[in-house]
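Have a look at the structure below before the remarks.
The values are calculated or read from the model by the stated rules, or taken from the named source; none is laboratory data. What you are looking at is a predicted structure, and each value in this text was computed from that prediction instead of being measured. Here the Cβ positions follow ideal geometry from the backbone for every residue, glycine too, while neighbour counts run over all protein chains shown. Surface accessibility is based on the protein's heavy atoms, side chains included, excluding ligands, DNA and RNA. Shrake-Rupley method; radii C 1.70, N 1.55, O 1.52, S 1.80 Å.
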4 protein chains.
Amino acid sequence: MWFTSDNAGPAAPEVMAAVQAANEGFAWSYGEDALMAEVEAQIRDQFEAPDAKVYLVATGSAANSISLACLTPPWGAIYCHPLAHVEIDECGGPEFYTGGAKLVLVDGQDGKMDPDALALKLAAARVPDVHHVQKSTLSLTNVTEMGTLYTPAELGRLTSLAKDAGLRVHLDGARFSNAVAALGCSPAELSWKAGVDMLSFGGTKNGCMGVEAVVLFDPDLAWEFELRRKRGAHLFSKHRFLSAQMAAYLKDGLWLDLAARANRAAARLAAGLGAMEDVTLLAPVEANMIFLHLSEARNAAAEAGGVTYYSWPDLTRTPDEKAAPLAARLVCDWSKTDAEIDRTLAAFAG
Amino acid sequence: MWFTSDNAGPAAPEVMAAVQAANEGFAWSYGEDALMAEVEAQIRDQFEAPDAKVYLVATGSAANSISLACLTPPWGAIYCHPLAHVEIDECGGPEFYTGGAKLVLVDGQDGKMDPDALALKLAAARVPDVHHVQKSTLSLTNVTEMGTLYTPAELGRLTSLAKDAGLRVHLDGARFSNAVAALGCSPAELSWKAGVDMLSFGGTKNGCMGVEAVVLFDPDLAWEFELRRKRGAHLFSKHRFLSAQMAAYLKDGLWLDLAARANRAAARLAAGLGAMEDVTLLAPVEANMIFLHLSEARNAAAEAGGVTYYSWPDLTRTPDEKAAPLAARLVCDWSKTDAEIDRTLAAFAG
Amino acid sequence: MWFTSDNAGPAAPEVMAAVQAANEGFAWSYGEDALMAEVEAQIRDQFEAPDAKVYLVATGSAANSISLACLTPPWGAIYCHPLAHVEIDECGGPEFYTGGAKLVLVDGQDGKMDPDALALKLAAARVPDVHHVQKSTLSLTNVTEMGTLYTPAELGRLTSLAKDAGLRVHLDGARFSNAVAALGCSPAELSWKAGVDMLSFGGTKNGCMGVEAVVLFDPDLAWEFELRRKRGAHLFSKHRFLSAQMAAYLKDGLWLDLAARANRAAARLAAGLGAMEDVTLLAPVEANMIFLHLSEARNAAAEAGGVTYYSWPDLTRTPDEKAAPLAARLVCDWSKTDAEIDRTLAAFAG
Amino acid sequence: MWFTSDNAGPAAPEVMAAVQAANEGFAWSYGEDALMAEVEAQIRDQFEAPDAKVYLVATGSAANSISLACLTPPWGAIYCHPLAHVEIDECGGPEFYTGGAKLVLVDGQDGKMDPDALALKLAAARVPDVHHVQKSTLSLTNVTEMGTLYTPAELGRLTSLAKDAGLRVHLDGARFSNAVAALGCSPAELSWKAGVDMLSFGGTKNGCMGVEAVVLFDPDLAWEFELRRKRGAHLFSKHRFLSAQMAAYLKDGLWLDLAARANRAAARLAAGLGAMEDVTLLAPVEANMIFLHLSEARNAAAEAGGVTYYSWPDLTRTPDEKAAPLAARLVCDWSKTDAEIDRTLAAFAG
C-alpha cells in the first residue's frame, strides 16, 4: 500500500496503449507531430478557449518555471504561498528560468493564500521604483500543497486583486484534474474565467508517464514560450510520445475519471484516519492528499502493516528534532481501490 | 522513405516492451527506482568504469547543457567546433545553463576540430587574466555534426592538448553508439581512455523514446550535476520510464546492434547517391548521416518519389538565395532496411 | 537641513583632497595602482587580519552582490532579515549576481535577526536534498536597516548557528563605521572575530564620494571575486580614484571620526524628537538613523521649516493608504553640527 | 612616457574642478541631482536628439553590457567583430547581463566589420526557428579596437543591413570623442543618423575620472535600462559626482578638444615609428591608438629609454611563443605633448 506520492504509481492503461500506438512509423519531430494538433484542439475545446496556445513538457517543474519566466522579468516579483511547489520543491528553478526574479511569500491557512495578506503586500510594493523588484506575477496552486481547494470564487478574488495591481496570473495545476473533479466545475471556470493567464495542466501525477500541458490563454506569449522551452532543453525531438500521453488523457474525460478515483480514495482514507485516536488531520481533505500529525506508535503500526508514505519530525514548529511532533503525508493516486484503502486503514489501526 | 533525422523514426520494440513492463505497481520517484541501479551497473560495466556516476535526462540538449554547466564556470570558455550542436542547435542552452559562459569556436574540416587550430587558440588564451573569459572546457562531438568520426587517437590528440592547458573534456555522444559501432572499438576507448571526463550518451536518436545517459567519469561532479538537473526541471518524478528505456537499450548490446543497422543503411545509401551525376558528397560518410550538394532536378525527383529529408539553399556560401547551391542532409535510423534504401535510390534516380 | 540619507551629503574634505592628489601623472589601471597596495595594508592592519584580501568597488550594492555570489551557489539559500538591503533595496541584484539563489527571510525585532528564528529555519532546511535550495550563506547587516546594532556577542551567536550548519557569513557593513564607533569595539571584534567571512566595508555613506571595500577574511575566494567583479563591470580602469578615497578614509582614523559625528548628531536629534508629542520612535536609535511615526501636523511643520527627509504612509500595517500611520526616516551624515540639529528640532517643534 | 592605455593618465583639470565644486552641500541621490538634468540637456542638444534619454555609469563595460541587455533577449544573437571589447575584454560581461545571449563574430580587416561578411551571416541566420539563437543586435565600435575609424557612410552601410534584418544597433563609443574629432563630423552623423539606437559615449578614456553616458535614441528602453542598471549595482547614490564629470566634459567642447590632442599626438608618434626600420604598423593610425610589430631590439631600446607600453608575442599567428612576432600597442591620451612624443621617438630610436 503505497502513498508517498501520486507520482509513484503506474500510468493508466489507456495512456500506455496510446504511447505504444504512437510508435508506428515516422513523425515530424519537435512538436510538429499530428497528435499534438489533436491535443491543442482538445484543450481549446474542453477549456472553451479557442485562441489558447498549448505546449507540452515532461515535468511539472518545467511547466511552472518556463511559464513564470514568460510572465516575469528578471526584476519582477512573483507572489506565491510559502508552501508553493515553485518556492519550496524546485531547487530554485523559477529563479533560474526567470534570470533571478524574486518569489514574495504571502501566507494563509491550509495552504491557501489569504486575500487580505495579498492586498497588504501589493499595497506596500513600491512601483515604479528602481530600487525594488517590481510586482509582476501571481502564482497560485490548485489543488494546494496542503490538499485543499480554491473555489472559482476564491481564485477570482485573488486574481482580481492581482489584475488590479497590473499582475498576470499563473496557476500551478499539477493536480488541476483533482480540483476540477472535486469541485464539479468546468475547466474554464477554474482557469481563465477565474483570471488565470497561464496554466500548468498536470498529467504526470494523474495517470500519465510524464507529461504536462502548458495552456497560454494569452497567445501573445507563445513564441517566447517556445524559445524558453527549447533553450531550457525541454523541447522533445520524439515529441509524439508526449502528445500521445496527453491525447489519451484528454480523451473521453479520462483525466477527470482518474482524478475522481484518487479523490474518492483519499476521502475514504481520511474518514478512517480522522476517526483514530492519536491522529490529527492538519487540513481539510478536499482532493487526494492527506496531511496529519500522528503518534510514533501509530506510525510504527502502519509501517509494520506495509503502508509506505512519508513521515517526518515537524521542524517548522521547533528546531529540536526530539520535541517536534510527527507529521505525515499520504497521497492517493488514481489506482487506489476501496479494498486497498480498507487494508491501509486496518494497518493503521494496528 | 523518411530521412529527416534519426529522431523521426520509431523506437525499438525492445525499448517499448521495457517501458510497458516498467509500469507495474509502485516505484520510488526521482531516480530512486530499482531499474536505475541496473542502468548504472550496466554502464559502469560496459564502460569499464567502476566509479562512474550515471544520470538520465530526456533530451540530448539537457545532457549537454547540464554537463557543460558542471564543467564550466560562468566566466569560462568552452572550445567547440563551429558546427557543434551546443553552438548551433540548442538556442543558447549552454549559455543559459552555465550562467553565460562563452563558446569559442575552433574550426576544422568535415566537422572535426583541427588540433593545430585548437593549439593556437589555447596558446593565445590569456590566463589568469581577469579581463577575459578563462579557458575551461573542451566539447567535442562524436559522431560529428557532419557525420564523420574521430578515432580514439584523434580524440586523444585533442584531449591531450586540452588537458595540458588545464581544461576538462565533454563529449556530445548523441550518436556515440554509431561511432562505437563504426569504429569497432570499446566504449572506454572512445570515452575516458581518450580523455573524456563527461559523456552525453545518446539513446533517443538510436531507438529509444527519449532518454540520454550522462556518464561522469569524474564522480566528484555528481552532486552538482544532481542539483543542476533538478533546478533545470529535468529530474523526472516517474523516472522509472527513463530507466526502463536505457536498461533495455544497454541489454545484450542492443544499442550497438541498432547503431550498426543505421550505419549500414547510410553506407548503402551514400554509395548509391555518390555515384549519381549532380550529387556531391560534402563529407565522408562514416556513420549514419549523409551531407550533399545536389541539383534542383535531382531534389525534385527524390521528393516526387516519396523521399522525405531536409534540403536548403546553402547560404553559408553566398547571401543570395538564388545563387546558393542546394544542400541536403539524409539521416538513417536503425529501422532502415536494404529494400527501403534501394527504393530511396530509385526515387533519387528519377 | 537634509536628512534623506547619509548618501545625500558632501564628501569629507580629506577625501576630496586625496582624490585631487591622486590625479598626478600616470598609474597602472585596474587596481594595480600603488594606492591600492596601501589600502590593503591599512585594512589588514586595522582589522588585525594579515591574510585578508581587499577589493574596491564603487557601490554598496556591488559589494554585497558580488560577495554573496562568491559565497553562494545558484542553488543556495541566503538567510537574511526581511528588511535587509540585499532583500529590499537592490532590485534583485543578489539574485542576478548569484545566478538565482534564494533569499530566505528570518525575522526579528528592530531590524535584528532573532537567533531562535534562525535556528528554526536552519533546522527545517532539508539538506542534502536535491529538491530544495541548499543552505549556504548568512547575510547580516550592522548597523541594521532600523538603525540598531548587533554587539559582537549578538553577532557571534548568529554566526555560530550558521557555522554549525555549514554556512558562511557575509556582513553588509554599509554603515560598519557607525557600528564600530558606537560600540567602541575593534573592527576585528565586529567582523572576523565574530564569525564574518566577507565584509562590505562602506565608505560612500560616511564621507567618501563612492567607494566600498570588500574584505575577504577567507582569501581563497579572491580570484573568484576578481572575476565576478570584472564580469559585473565593476573593475575600474582609473582605479586610483577609488584607492585614493579609501586610503584617505582609513588614514588616522578618519572613518571613525566621521562616523562618531554622525552618531552624535542622531542621538541629539532623537532625544529631541522622542520627547515630542505625536512622535513615536520605532526602534532604539543606536547609530545614525532614526525611524518614527509622527502626526501629519508634525510632518507638515518640519517640512515647512525646511527639513528634508522621507515620510510615507506605513502600508505594511494596512493596505488602506488613508488609514495607514505616517512613518518617517531621518539619517544623519558626518557633516551635521549641533547647531543644525537644534534648528531641525525647532522646525519640528513648529 | 606612458602609453599603456588612455585610461592610465590623469583626468583633465576642468573635470577635477567640477567634481570638487559638486561637493557643495546636499543633493538628491541616485541620479536625481540637478547636474544630471544639465547633462541630459547638453547631450540632447549636442546630438540633435531632443527625445534621447541619457544615463550615466562609471565603466565602459557597464555601459556596453547593460545596453546590450536592453537590446537583446537571452536567446538573441549579437553580431560583433572578433576584436570587439564586448567579445574579448569584458570577461563575458555581455553574456552575464543578457542572461546568456550569444556573440556572433563577423570579421573584417583593421578591426572593421566587413559588410559582405555581415550580409552572409545575416542571410544564413535561421529565423524564426526555435532551435537557434535569434538575430537581435549589431554591436559596432568606433574608434575600433585597432585604432581605425568607420566613417558615417561605412557605419550606415552596416546598420542598414542590420535594420533590414530587424536588428537594433549598439555603438561602443569608448573612444567616440576621438572618432568625432578625427572625422570632423557631427555627433549625430556618427550615431543616430548612421543608424545607432544606443550609444556608449565614453568619458573615462578621454579625461574623466570614470564616467560613461549611455544615450538611448529610442527612449522606449529607458525604464528597462534603469532597472538593469540598478540591478547590476551601477546606480550611484552620490550620482552628482558622475554628473559633474560629464557636465564638465560636455561643456564648451572640452571632450572634442581633449580627443583632438590625443589624436594629434598619436599621428605624430605613428609618423615617427612608421619610418623606423624593424617597425611595421598593423593598421592605419586614424585616432589615438597605434598597433605595430617591432623587433626585440627596438622594444628593448624603448623600454630602456623609459617608454611604458604593452608588448607581447603575437600568439594569434603561431602557438609557439618563441617563433611569434612581437606585437605592441601604444595609446595616446589627451595629456600628451609634442615634446613628450619626440622624447618617446628618441627612445625608440635607441
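For this structure, a couple of remarks:
- Matching residues, the stretch D:34-61, being open to solvent by less than 10 Å² (accessible area, probe 1.4 Å) and either aromatic (Phe, Trp, Tyr) or outside the structural domain of D:His234 (by the TED database) (or both): D:Phe47
- Residue count for the stretch A:8-18, restricted to those that are of a type in the set (A, V, I, L, M, F, W, C) and more than 8 Å from chain B (Cβ to nearest Cβ): 4
- Number of positions in the stretch C:62-87 that are under 16 Å from the mean Cα position of the chain (by Cα), open to solvent by 10 Å² or more (accessible area, probe 1.4 Å), within 11 Å of chain A (Cβ to nearest Cβ) and in contact (Cβ under 8 Å) with a residue 24 or more places away in the chain: 2
For every residue, the table says whether it meets (1) under 18 Å from A:Ala302 (Cα atoms); (2) within 20 Å of the chain's Cα centre (by Cα).
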| residue | (1), (2) |
| --- | --- |
| A:Leu242 | no, yes |
| A:Lys251 | no, no |
| A:Leu254 | no, yes |
| A:Arg261 | no, yes |
| A:Arg264 | no, yes |
| A:Leu269 | yes, no |
| A:Ala275 | yes, no |
| A:Thr280 | yes, no |
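- Within the set D:Ser136, D:Ser186, D:Ser160, the sole residue that is modelled with pLDDT of 95 or more and either under 30 Å from D:Gln20 (Cβ atoms) or assigned to a strand (DSSP E or B) (or both) turns out to be D:Ser136.
- Only a single criterion out of (1) in contact with an Asp or Glu (Cβ under 7 Å, 6 or more places away or on another chain); (2) over 26 Å from A:Ala233 (Cβ atoms); (3) among the β-branched types (Val, Ile, Thr) is not satisfied by B:Val86, namely (2).
- For the residues D:Ala52, D:Ala21, D:Ala37, the requirement of being in contact with a helix residue (DSSP H, G or I) (Cβ under 9 Å, 6 or more places away or on another chain), closer than 27 Å to C:Tyr310 by Cα and away from every other protein chain (no Cβ under 13 Å) singles out D:Ala37.
- Being out of contact with any Ser or Thr (no Cβ under 6 Å at 6 or more places or on another chain), away from every other protein chain (no Cβ under 14 Å) and aliphatic (A, V, I, L, M) is true of D:Leu250.
- Filtered residues of the stretch D:180-190 (kept if of a type outside the set (D, E, K, R) and open to solvent by 10 Å² or more (accessible area, probe 1.4 Å)): D:Ala181, D:Ala182, D:Leu183, D:Gly184, D:Cys185, D:Ser186, D:Pro187
- The single residue among B:Val196, B:Val180, B:Val215 that is at pLDDT 95 or above and assigned to a loop (DSSP other than H, G, I, E, B) turns out to be B:Val196.
- Some residue of the stretch B:108-120 being crowded, with 24+ Cβ neighbours inside 10 Å and farther than 30 Å from B:Pro284 by Cβ: no
- The set of residues in the stretch B:144-166 being over 17 Å from the mean Cα position of the chain (by Cα) and polar (S, T, N, Q) consists of B:Thr159, B:Ser160.
- C:Val127 modelled with pLDDT under 95 and of a type in the set (Val, Ile, Thr): yes
- When D:Gly100 is tested against (1) at the interface with chain B (Cβ under 10 Å from one of its Cβ atoms); (2) on the phi > 0 side of the Ramachandran plot; (3) open to solvent by 20 Å² or more (accessible area, probe 1.4 Å), only condition (3) is not met.
- The numbered conditions (1) of a type outside the set (Asp, Glu); (2) farther than 30 Å from B:Leu122 by Cα; (3) at pLDDT below 95 are all true for D:Ala271 except (3).
Yes/no matrix, rows are residues, columns are (1) of a type in the set (Lys, Arg); (2) without any contact (Cβ under 8 Å) to a residue 40 or more places away in the chain; (3) in contact with a Gly (Cβ under 8 Å, 6 or more places away or on another chain); (4) open to solvent by 10 Å² or more (accessible area, probe 1.4 Å):
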position: B:Met146; (1), (2), (3), (4): no, no, yes, yes
position: B:Thr151; (1), (2), (3), (4): no, yes, no, yes
position: B:Leu161; (1), (2), (3), (4): no, no, no, yes
position: B:Gly166; (1), (2), (3), (4): no, yes, no, yes
position: B:Asn178; (1), (2), (3), (4): no, no, no, no
position: B:Ala194; (1), (2), (3), (4): no, no, yes, no
position: B:Phe225; (1), (2), (3), (4): no, no, no, no
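- Counting only helices (runs of 4 or more DSSP H) wholly contained in the stretch D:1-113, the ones carrying 3 or more residues that are small (Gly, Ala, Ser) and at pLDDT 95 or above occupy D:13-21, D:34-46, D:60-71.
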